[in-house]
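The values are calculated or read from the model by the stated rules, or taken from the named source; none is laboratory data. Keep in mind that this is a model prediction, so the values were computed, not measured. Positions of Cβ are generated from backbone atoms using ideal geometry, with glycine treated the same way; all protein chains shown enter the neighbour counts.
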């Protein structure tokens, strides 16, 4: 938004300009919702919560040099003369933030791709950004800015001149993807997969598919929908006025050859040669989705894919005592658990150790889903299974190898150094609320102390 006047920012946001910015300042370069992150050039947006109004921190943001603030009326009036800076007021600051992002996305004119799915959407977003970046100026959602608050912040962080915008879209219930699609107005929409997530709120996998498919439903006509080949759950949601591109085995975009890091993709009859810095089968599938999306916005990728995945999403940590830790503890659901166990089964050279925690928000079938994961572990040669939490303990019902159940991540962190042996590969995975990253940290610390 650099170059936008306070008046134009206010108009785009549907806000009232209470106090202008100093005449010599340029428009804001990004928006933030945490006053502690506010600095020169920032627009601080004070959002209302259930019990507190973030707008009360407007004076602190201005004191830190923020270009201006966007808050409720009362907070804007209270911040008058606190420090130089534009003061914008709106009845609904979140709605104003979203309107501002929608207008900035229109101003950019960048090709925009929305990415959602039950699992792998962040990795697909990271891969897609890496495919696009060598050819067009690309901005992707940082970290997990993928909600009704995060996505607008990601859009507003894109500088003028951005040519491609890759936006991750998350949801927990109906009409949330629709809200994000209305802001992003994507030229291409990617649904990586559909699986049993958020069943506590949605009730069925069919409802999950419908919620994800809001991206397809609400995309502008003439765009491209990228979907998994042979996914019947999405078939009812496809539109005749969108180009539909399928990926995966039997799809429009599929693997033609793969040899270690080299992959040849048949992308709708076009040969795409890539060097991939990963070998996981699920990330190869994510790459096919990303190639399809890149092609949809006019980019044919090729060469080395320089991708930096977000933290705790399959990071491999090789410890001095020949123990390898696969830190995949950012989140988990039945689909991603099975994929991670499949990869552990084929990639480990020594014992296969799985530290698996509770999968949350699975509704009435939660015990069954955990038992299924235990059976999957048993069927894929897992040598040692440590479950973390009351739900994960049900995995041991269907696991016939060595197993241990602990109550929480702290207990797991204390136990694992006693169980792990040199040469083991240890997968650590659970829903985010379990906090299993402390297990990987404990193993690394133990190795450091022993000088392994």
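Points to keep in mind about this one:
- Taking each residue of the stretch 57-73 that is without any contact (Cβ under 8 Å) to a residue 24 or more places away in the chain and looking for partners that are in a helix (DSSP H, G or I) with beta-carbon atoms closer than 8 Å, six or more apart or interchain, yields 57/35.
- Residues that are over 31 Å from the mean Cα position of the chain (by Cα) and buried (at least 19 other Cβ atoms within 10 Å of the Cβ), drawn from the stretch 71-88: 75, 76, 79, 85, 86, 87
- Cβ separations smaller than 6 Å between residues 6+ apart or across chains give the following pairs from the stretch 273-290 residues that are more than 13 Å from residue 128 (Cα to Cα) to residues that are assigned to a helix (DSSP H, G or I): 280/343; 282/339.
- Test: residue 428 is touching a residue at least 24 places away in the same chain (Cβ under 8 Å), more than 28 Å from residue 207 (Cβ to Cβ) and not assigned by TED's automatic domain parsing to the domain that holds residue 260: yes
- Residue within the stretch 89-108 that is under 29 Å from the mean Cα position of the chain (by Cα), in a loop (DSSP other than H, G, I, E, B) and either at pLDDT below 95 or crowded, with 17+ Cβ neighbours inside 10 Å (or both) present: no
- Qualifying residue in the stretch 110-127 (condition: over 23 Å from the mean Cα position of the chain (by Cα) and either buried (at least 24 other Cβ atoms within 10 Å of the Cβ) or closer than 29 Å to residue 165 by Cα (or both)): no
- Considering residues of the stretch 296-351 that are assigned to a loop (DSSP other than H, G, I, E, B) and without any contact (Cβ under 8 Å) to a residue 60 or more places away in the chain only, the residue surrounded by the most Cβ atoms within 10 Å (Cβ to Cβ): 302
- For the stretch 182-199, the tally of residues that are in a helix (DSSP H, G or I) and either under 18 Å from residue 286 (Cα atoms) or in contact with a strand residue (DSSP E or B) (Cβ under 6 Å, 6 or more places away or on another chain) (or both) stands at 1.
- For the stretch 420-438, residues that are surrounded by fewer than 16 Cβ atoms within 10 Å (Cβ to Cβ) and not in a loop (DSSP other than H, G, I, E, B) total 2.
- Filtered residues of the stretch 7-31 (kept if over 15 Å from residue 99 (Cα atoms) and either surrounded by 15 or more Cβ atoms within 10 Å (Cβ to Cβ) or in contact (Cβ under 8 Å) with a residue 60 or more places away in the chain (or both)): 17, 18, 19, 20, 21, 22, 25, 27, 28, 29
- Within the stretch 132-163, being within 17 Å of the chain's Cα centre (by Cα) and either assigned to a helix (DSSP H, G or I) or surrounded by 24 or more Cβ atoms within 10 Å (Cβ to Cβ) (or both) holds for 141, 150, 151, 152, 153, 154, 155.
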